[in-house]
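See below for the structure under consideration.
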Amino acid sequence: MNQRELFFRHVAQTSPAPLTLEIVKAEAARLYDAAGKEYIDLIGGISVANTGHRHPAVVKAIKEQLDAYLHIMVYGEFVETPQVRYAQLLTRHLPAALDSVYFTNSGAEAVEGAMKLAKRIMNRPGIIAFDHSYHGSTQGALSIIGSEYWRNAFRPLLPGISHLKYGSFQALDEISADTACVIAETVQAEAGVIPPSIKWMQALRQRCNETGTLLILDEIQTGFGRTGKLWGFENFGIVPDILLLGKALGGGMPLGAFISSKERMGTLMDAPVLGHITTFGGHPVSCAAGIAALDVLINEGMMDKVKEKETLFRSLLVHPAIKEVRSYGLWLAVRFDSFETNKKIIDQCIEKGVLTDWFLFASDSLRISPPLVITEEEIRTACEVIISSVS
Ligand code: PLP
């Protein structure tokens with residue numbers, strides 16, 4: 001059996017149509033397959049490779065940490081320098097109220113931890129989420145996914161959860177003194193890059209203040225420079241009570257985090273003690289990689305060019321078959337008339353060396369969330385390929 005056959009035989013599959021590329025090397029915004037074919041990567045591992053695949057500073061940091069130690073103890077017992085340094089670096093770049101970081105293995109675990117924290121602090125029954133939101137695939141995260149199709153097959157899920165229409169002012173009235181927390185993506189990702197209005201985001205913050213409800217913002221895709229600012233919430237002039245990070249946070253290594261105030265986090269230490277436990281959360285190699293990635297993201301000015309690159313993409317993605325281009329930073333959704341059209345174009349793009357896919361809740365839209373280091377030339381080539389695949 002070749003690798004592809006072994007992949008289908010022994011690697012458990014949940015996708016009915018996996019991309020099945022066999023990538024042997026990745027660098028900056030390029031991927032290379034086993035046959036030596038080169039791809040411009042418009043997916044970036046789904047908003048993970050923001051600083052580019054294998055940034056030299058990230059690779060160096062990983063190697064240095066490999067020479068020091070790997071896993072040495074479960075989370076929160078030893079003073080692990082990479083965790084301490086990363087928590088300090090993150091909080092230095094966050095508002096003062098977000099000064100305590102709990103590192104997890106993944107985005108979904110950050111969501112789970114945040115929901116537990118909200119319950120622990122608030123002692124209220126309700127959790128509110130939004131239609132077409134995606135927060136992960138574990139049971140708690142799945143309970144708040146904004147799609148009955150995915151929720152339904154796995155009931156019973158968490159009780160007390162309701163879903164509101166994202167962006168609706170009227171819906172905010174549903175947030176009440178019974179609501180422990182509202183969890184929202186700052187910009188909806190898998191809905192196909194749907195930003196809310198600034199006014200709505202501020203009204204959401206205001207409603208949470210009025211009802212004493214915690215606002216949790218999921219920036220697992222929005223964060224880390226994707227929108228042109230380090231954190232998506234900076235675009236809306238608000239600050240969440242709990243912030244969720246993942247994906248690009250580990251610079252290509254697995255890492256998530258829920259971040260709040262030291263005082264709030266303290267509730268997870270008391271009755272019961274060890275209110276959230278993880279073996280590998282905040283793995284030292286992941287934290288070392290994350291520190292290097294955040295350093296280069298800031299120090300190499302990668303966010304400065306995001307708006308320019310967004311504008312370039314938009315100027316090149318013009319064709320009668322393109323029904324709409326939604327974008328927010330270096331993050332675009334190109335809408336066609338149907339999934340079938342989109343899929344045909346995606347397949348042709350891959351054939352021609354441009355890697356893209358669609359969104360979970362917007363299958364008619366082609367995904368563009370490349371490494372922020374994608375060059376102008378790569379953007380021009382990628383757009384030529386997309387347009388030539390449409391025609
Ligand atoms: N939240 C958002 C917005 C996501 O896009 C994802 C993953 O795609 C998650 C949470 C879950 O993260 P993970 O896949 O690391 O569990």
Here is a list of conditions, (1) part of a loop (DSSP other than H, G, I, E, B); (2) surrounded by 16 or more Cβ atoms within 10 Å (Cβ to Cβ), and Phe103 meets all of them except one; can you say which number that is? (1)
Mind listing just one residue for me: the one in the range 27-80 that is open to solvent by 70 Å² or more (accessible area, probe 1.4 Å), under 30 Å from Ala189 (Cβ atoms) and not basic (Lys, Arg) and, of those, nearest to the ligand (Cβ to nearest atom)? Glu27
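Tell me the strands (runs of 3 or more DSSP E) entirely within the range 1-64 that contain at least 1 residues that are touching a helix residue (DSSP H, G or I) at 6+ places or on another chain (Cβ under 7 Å). Show your work before the answer.
Values: elements: 23-27, 30-33, 38-41.
Correct list: 38-41.
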Could you count how many residues in the range 118-150 are within 11 Å of the ligand (Cβ to nearest atom), over 16 Å from Phe359 (Cβ atoms) and polar (S, T, N, Q)? 1
Check Ala87, Ala114 and return the single one that is within 21 Å of Thr222 (Cβ to Cβ), surrounded by 14 or more Cβ atoms within 10 Å (Cβ to Cβ), within 16 Å of the ligand (Cβ to nearest atom) and of a type in the set (A, V, I, L, M). Ala114
Can you name the condition, by its number, that Thr267 falls short on among (1) without any contact (Cβ under 8 Å) to a residue 60 or more places away in the chain; (2) out of contact with any strand residue (DSSP E or B) (no Cβ under 7 Å at 6 or more places or on another chain); (3) more than 16 Å from the ligand (Cβ to nearest atom)? (1)
Going residue by residue through the range 278-296, is there one that turns out to be open to solvent by less than 20 Å² (accessible area, probe 1.4 Å), farther than 23 Å from Leu94 by Cα, not in a strand (DSSP E or B) and not polar (S, T, N, Q)? no
Within the range 208-219, is even one residue in a loop (DSSP other than H, G, I, E, B), open to solvent by 30 Å² or more (accessible area, probe 1.4 Å) and more than 14 Å from Phe236 (Cα to Cα)? yes
Unique match (being in the same structural domain as Leu249 (by TED's automatic domain parsing), charged (D, E, K, R) and not in a helix (DSSP H, G or I)) among Arg124, Arg85: Arg124
Please state which one of Ala191, Ala257 is aliphatic (A, V, I, L, M), within 16 Å of the ligand (Cβ to nearest atom), surrounded by 24 or more Cβ atoms within 10 Å (Cβ to Cβ) and not assigned by TED's automatic domain parsing to the domain that holds Pro370. Ala257
Within the range 310-334, tally of residues that are among the hydrophobic types (A, V, I, L, M, F, W, C) and outside any loop (DSSP other than H, G, I, E, B): 7
Asp270 being surrounded by fewer than 20 Cβ atoms within 10 Å (Cβ to Cβ) and over 17 Å from the mean Cα position of the chain (by Cα): yes
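Got a number for residues in the range 335-391 being open to solvent by 50 Å² or more (accessible area, probe 1.4 Å) and outside any loop (DSSP other than H, G, I, E, B)? Step through it out loud before you land on a result.
Taking the range 335-391 and keeping what is open to solvent by 50 Å² or more (accessible area, probe 1.4 Å), we get 335, 337, 339-340, 343-344, 347-348, 351-352, 358, 360, 375-377, 380-381, 384, 388, 391.
Then drop every residue that is not outside any loop (DSSP other than H, G, I, E, B), which leaves 335, 339-340, 343-344, 347-348, 351, 358, 376-377, 380-381, 384, 388.
Number of matching residues: 15.
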Enumeration of residues in the range 220-237 that are out of contact with any strand residue (DSSP E or B) (no Cβ under 8 Å at 6 or more places or on another chain), at negative phi and open to solvent by 10 Å² or more (accessible area, probe 1.4 Å): Lys229, Leu230, Glu234, Asn235
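The values are calculated or read from the model by the stated rules, or taken from the named source; none is laboratory data. Note that the coordinates shown come from a computational prediction; the quantities given were computed from them, not determined experimentally. Virtual Cβ from ideal backbone geometry, glycine too; neighbours counted across all protein chains shown. Only protein heavy atoms, including side chains, enter the accessible area calculation; ligands, DNA and RNA are left aside. Shrake-Rupley method; radii C 1.70, N 1.55, O 1.52, S 1.80 Å.
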